[in-house]
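Here's the structure, in structure tokens; my notes come after.
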Amino acid sequence: MKEISRLRRKFIIYNMLIVTAVIGITFAALVLVLQSRGDEEGRMILERAANDPEQQRIFEAVPQVRVPHFSVLVTENGEIVMQEGAYNSFPGAGYLERIALLGMTAEADDGVLDGYQLRYLRIKQPAGHLLVFADTSYADTFRDALLHYGGLACAAIWLAFLGLSFLFSHWVVRPISRSLRLQKQFVADASHELKTPLTVITANAELLRERCTDLPQEAQRWLEHINQECRDMRSLVESLLLLARGDVRPERREGWQTLSFSDLLTEKLLIFEPLFYQEGKTLRYEVAEHVLVRGDASQLGQLVKALLENAVKYAAEPGEGKGGRVEVRLESAHRGRARLWVNSEGEPIPKEKRTLIFQRFYRDDRARASRKGYGLGLAIAGEIARNHRAGIGVEYRDGMNCFYVSLRTCCEKERRGWKRKGESM
């Protein structure tokens, strides 16, 4: 069921948003803490080396190991003097001069020399400037490894939670799914059972009106009311049954066929022409030829019927300055699609209600006051459009409410097959 699928999707999305936030915040906090701790330790090494240059430092027990820190003195006349350290891996004589120049020209008294993996501290002394450098290659390697392997671990944890969310979503929505399935099955069964007594009541009322011609005028009017209410109730039950069948047993596409939507629309328009004439409203239509679609002819006919019925009910009445004009147009669109327009003059549908009108039993205040329909016609049209992967919506322009359905047309191969089928018949 679509409701359960949407509920599962929301559960997974919200759950993964929480997991992503927790993992991201934790990983970022860990990286920031380690980075801050490394920077603090680097500054402490530089400060101790500057304050006590005679003290022995780490790694000095092994002469061939690269010393993690060293210091140089830049005198007032620009001479560079090595003060401390056994930094034996200088690339050349100019290396010390370059890093000393970078340390002297830097704006801040402490910082990092990018590209050299060295942290520096500059101190003003009577003899010149003392520059203390600490090797950050180990810290940089550790940080890069943390980002790489930590990121992989976070991604693995995220994927594990995603899989668990999929599994838990089945368990979470199972009671709701069962409840909705039973509810919709009940609606389908009740609608089916209600059709028989309604048919009997309608038939008996018709027979009573035909056989008992000597009844008073008031009794005749009561019988007409009974017939009208029975017809309305039967229409409501059939609409509920159509929606319930689609919910309980989603439509399968095995029975679909390639059909001429142009012919189907023309047939429905010819049926509705007398109804528009009876209501005093003008119906104009323009139907493109040979628009072929693949789908269920009965359902697509129900879709067209729902849009035309909506136009008959809610188009402006003649004499309101609008004229009750209704325009129907079927046109070929780009990228293998066709678009059906059913435009009717009338008061504009507010933007905030243009999606609500396709929901079941939704009716605005004007519709409730006029008692026109039960709010299921457009819901049925929307359901059929979704079953056929068609877009449906409404716009307002040029004083008309413009309902549209965007259908996918058949490819050339299906067109040739449909033509051969028509010729053989």
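Below is a table of values for the structure above.
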item: Distance (nanometres) between label positions extended 7 Å along Cα→Cβ at residue 18 and residue 195; result: 4.6 nm
item: FRET efficiency, residue 353 to residue 279 (Cβ-Cβ, R0 22 Å, nearest 0.05); result: 0.40
item: Computed FRET value (nearest 0.05) for residue 41 with residue 271, which takes r as the C-beta separation and R₀ as 56 Å; result: 0.05
item: Order of exposure, largest accessible area first, which applies to 384, 80, 157 with probe 1.4 Å; result: 157, 80, 384
item: Accessible area of residue 354 in the full protein assembly, 1.4 Å probe (Å², nearest 10); result: 50 Å²
item: Where 196, 258 fall by accessible area, highest first, once all protein chains stay in place (1.4 Å); result: 196, 258
item: Cα→Cβ-extended label distance, 7 Å offset, between residue 25 and residue 317, nm; result: 6.1 nm
item: Approximate spin-label separation residue 397-residue 113, in nm, with each point projected 7 Å along Cα-to-Cβ; result: 6.7 nm
item: Net length gained if the chain between residue 408 and residue 232 were fully extended (0.36 nm per residue, minus Cα distance); result: 60.0 nm
item: Full-extension gain in nm, residue 170 to residue 81, via 0.36 nm per residue minus C-alpha separation; result: 24.8 nm
item: Long pairs among 195/305; 268/313; 10/351, criterion Cα-Cα beyond 23 Å; result: 10/351
item: Exposure rank, largest accessible area first [358, 276; 1.4 Å]; result: 358, 276
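The values are calculated or read from the model by the stated rules, or taken from the named source; none is laboratory data. Predicted, not measured: the structure shown is a model, and the values here were computed from it. Counting neighbours? That spans all protein chains shown, and the Cβs are built from the backbone with ideal geometry, glycine included. All accessible areas refer to the heavy atoms of the entire protein, side chains included, with ligands and DNA or RNA removed. Shrake-Rupley method; radii C 1.70, N 1.55, O 1.52, S 1.80 Å.
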